[in-house]
Every structure is written in structure tokens, then in C-alpha cells.
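Written below as C-alpha cells is the structure these notes are about.
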Amino acid sequence: MDTLYDIKPIFEFAKAYGDVKIVDRILIKTLPILLKNKLELSAAAIDESAVVSVPAEIYQSVKVAAEDLTNKTFAG
Amino acid sequence: MFDINDYAFDEDHNFLEVAGEAMIFHCHHYLANLLKTILDADYIDSRPFLVGSAADAVYNQLSCLCDGLDETESKKMAEDVYKCFGYGLINLSGMDENGVDLTTSKSFFSKTWQIKFEKSAKPIDYYTVGFLAAVYAVIYGKSLAEIDAEQTRCMACGDDLNHFSIRSGKGNFTTYPKKAATVFKEVPKVKIGWEHEDTITKAFGGAHANFVGNEEGFIQVFGVYIVRIQSDFVNRAQFEFVKAMSEMAGEYGVTLAGELLMESGHACGFFTYGGIMTSREWEAGVKPYLQTKEDWIKGLLSLINTMGWGYHTVLELSEERAVFRNYNDFEDLSYIRMYGTSDYPIHWANSGGFTGLMQLVYNTDIVHGEKIETEEGFRNMRRSKVGYKTVMTKGISCGDDFLEVEIYL
């Protein structure tokens, strides 16, 4: 079984530095990789979840999108 | 040569048409946000429809405006229109049968992108690319399908000028079939139901004609830059984006796109309406009639009904919940002209605008003169308050008689 990684901290980081709809913006940017993994995330679902566990390639894609949109480096 | 006063405002439908094209105002917050949303989805080849949407609308309009004019007069007409509508300045003297290489340092899109965002990695003035392609097609009798148009330098990327190249070729943007004429939904309107509505609407009637480009070709009013833009350009851009998202991810794609399209309208409503509500014109012409926060919203609706976005009204209104309507809203009329009917509401900009208005009046202290003008201030305010939810319940393109939207905490 693939190791899963929590992307919730990345979204929290992005919300601290990005615009109000940063979560939706990240989801738009990462849509192809989400679809490839048959994952349909929403901002509301992410907000309501304590942990959002995903495969490594989604984690990496979300991290890159968040850093690109905020122009900051995610240290977590 | 071009004079906006030659075109009568349709008071029955709160609508303005210039040479066959419905015209609306949009602010830089809305347009930059919209463009960024579309470009962020970099797996969608959006350039062809962004340029094509502009080229189609401008071609239709300039074909009418330049009818009977010679080459020199037509160039002057196109330059005048570009400046009057607030897109900046262009000099078409170098355009001939072979096309044009054109530079300008006055571009609404490139200038305002830099106000909102970091530098762009690629040129973003797609509108002017389409505009110039349309000018070339109209003046030299070309088909849009046989024009190669591109922007090679852009101030939004850090260049000192914008550079555009227009040539005959195989065509490098999308062209569209002829669209239908505007059909208004003729139904009785529920009025705003506020004793001062007619006074304010009458006082600001015709004021839209004052919003014309200055010596730099920009329209800066109410603390924002605005353009008078072809409704079908901007709406086709958002509809084509949603279509691409739908093809890629079905309903999920539409929902994701809709959230951000609505956010563009939200930012527009918040900043532009905020600018209006802190303007001298508001102070003198509207504020004397305002007692409650609800009056502020009704006063704003009474004023903006003179701007060509349809007839805005409100059925229920409190801090907790509101139901807004728009009769003959510009997004639905546009959708019907170009695509016919829709399975779901498509009036994201209007609905986001209503939400921005609620946010502005109930979640800031604007009624006491507090003004939030910065992106940071906007973001902090949104994060510190409980946000409004927005549900688009009815749309003319869905077969309803009007646009309706519910906004609640």
C-alpha cells in the first residue's frame, strides 16, 4: 500500500499567505492529478477535515501549486 | 469620431448596445481575477478562446462602426473606440494589407495585472490581440480565420512596452458562428420597493456616458480602473473556460470553476461598490436618502441600474439573508445569444457582485465611511468575518424569467 501524506497543513499555509479563495485556486491548478487519482476535493470538505491524506504525487503537486500561488516556500 | 453619446441607453431593459454589441462596465479587480482563474488552469489551452472571444465581439462591432468609412477613417474609429472604452492607446498608422507590428505603453490589461498580481510569466493582453485582429480583418476584408495574431512583449511580464504582431496566416485563435440577436425577457418586474429609487435612478441616468478614457486611454473612477467592454467577449471567455472544465471533470469541474468566477464578481462588487459608496457623487446624490444599512443596498441598486447590467432588485433583505433578482442580466442575455439554453445557472459575476455588496455593507463599517481599498485589507476582513454563502437559484438561460440568487450567513 502506498504511503499517504497529509495535505491539510499545506492548505493552512496557503490560507495564511494567499488570497481568500486560495484553496479553490490550488484545486484548479492540481485538477489533472486529482482526476488521475479519482479524487474530487472541495474547499468545504478540506475545511471540515482534520486530516486530508493523499498519495505522494498529489502531495507534491499541491505543495508546488501552493508555493506558486503564494510565492512562499512551504517548510512543513 | 466615436461618441458614446450617440448611443441611447435602453431604460426599459437597463441595457446599452453599441453597434450591435451589448456593452457593460467591468473593473480591473474582476477582469484580472477572471483572467488569472482561467490562466491558472494551465492544462487548458485558453489562449485561442481568449483571443477569439475578443476578436469575434470587436469584429462584429467595428464592422458596423466602420461601414462606409475609408481606411484612414476606419483606423481613427478603431483608435477612438479603444481609447473611449478605457483599454488604453493604440496607434494604427503602421497597419497595412500585410498586417502590423504595434507597440504601446498604455494597456488597461497589462497595467492592472501589475496592480493585482506578481509579474506574469507570459503576455496577458489577450483582449488587445483579438481587438487588433478584428481591426485588421474589418479594414482589409480578411476573415478572422485567416489571421495570426500574437502578443510578444507585455508590461505585465516586466517589459517596457506591449508588442503585438498581426499577420495573414492560417489562423491561430478560435472563431465562432454568428450569434443570435438579443432577446429580452419581457415580464413584470418586482421593483426595489424603496421610496427614493426613482429619484436616484433619474439623478444618475446618463452618467455612464461620462466614463470615457482619459488622455492615456484609461477610465479611473471610484478608486478602480474600469473598461466599457463587449459583454459577449468577457462572458464567452468565462463560458468557454467552464465548458473546458466541464469536458475535463464534469460537474466537479463546473463547481470548481464557478467558485472562482463568483469570487471575481465578489471582488468587483466589494471594491467597485465600495468606491461608489465613498465617492463625492454618492455623498451628494444618494447619502441624504439613507437611514439604514438596507437603504445603502437599495440606494446602490437604484444607482447601478443606470449602468447597463440589467435591472437589479431585492426581494428579501436582512443581515442574515437576502434574495436578489436581476431582470435581463447581462450574463444570461449573453449566454442565450451565443449558446442558447443552459442546464445550470451561469450568472457567476452577478451573483458574486451581490455577495460582495452584502459583505461590504454588513461586514465592514462603510456606512460610517470606513473604506477597505487594499488586497490585504480585503483578505483580512473576509477571514475575520463569517462569510456569506451564495446560491444561484434561477437564471434566464435556464428558462426562468429572471436571475435570482440567495445569499445567507
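The values are calculated or read from the model by the stated rules, or taken from the named source; none is laboratory data. This one's a predicted model, so the numbers in the text were calculated from it and none came from an experiment. Remember, those area values only see protein heavy atoms, side chains included, never the ligands or the DNA or RNA. Shrake-Rupley method; radii C 1.70, N 1.55, O 1.52, S 1.80 Å.
Structure above, values below:
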{"read-out": "Cα gyration tensor shape for region B:16-168, rounded if a/c is under 1.5, else prolate or oblate", "value": "prolate"}
{"read-out": "For the pair A and B, total buried accessible area rounded to nearest 100 Å², probe 1.4 Å", "value": "1900"}
{"read-out": "Three-way shape call for region A:4-70 based on the alpha-carbon gyration tensor, with the a/c threshold at 1.5", "value": "rounded"}
{"read-out": "Partner lysines for B:LYS243 [C-alpha distance under 23 Å; skip if fewer than 8 residues away on the same chain]", "value": "A:LYS21, A:LYS29, A:LYS36, A:LYS38, B:LYS36, B:LYS178, B:LYS179, B:LYS394"}
{"read-out": "Cα long-axis angle, helix B:231-277 against chain B (0 to 90 degrees, to the nearest 10)", "value": "70"}
{"read-out": "At least 10 Å² accessible surface lost relative to isolated chain, residues of region B:108-143 (1.4 Å probe)", "value": "B:GLU118"}
{"read-out": "Kyte-Doolittle at least 0.5, axis length at least 15 Å by Cα - qualifying DSSP helices, chain A", "value": "none"}
{"read-out": "Residues of region A:4-70: accessible area per residue with a 1.4 Å probe, Å²", "value": "44"}
{"read-out": "Between 0 and 90°, nearest 10: helix B:293-304 axis offset from chain B longest Cα axis", "value": "30"}
{"read-out": "Within the accessible area of chain B (1.4 Å probe), percent carbon and sulfur", "value": "46"}
{"read-out": "Fraction in percent of alpha-carbon pairs per bin - 20 Å, the protein assembly as shown", "value": "24, 57, 19, 0"}
{"read-out": "Tail fraction, Cα-Cα pairs, region B:139-190, threshold 18 Å, whole percent", "value": "59"}
{"read-out": "Anchor B:LYS202: lysines whose Cα lies under 22 Å away (excluding residues fewer than 8 positions away in-chain)", "value": "B:LYS189, B:LYS191, B:LYS287, B:LYS293, B:LYS298"}
{"read-out": "Helix axis angle, B:348-363 relative to chain B longest principal axis, alpha carbon, degrees", "value": "40"}
{"read-out": "Global form of chain B, assessed from the alpha-carbon gyration tensor, a/c cut-off 1.5", "value": "prolate"}
{"read-out": "Accessible area in square angstrom per residue, chain B, 1.4 angstrom probe", "value": "38"}
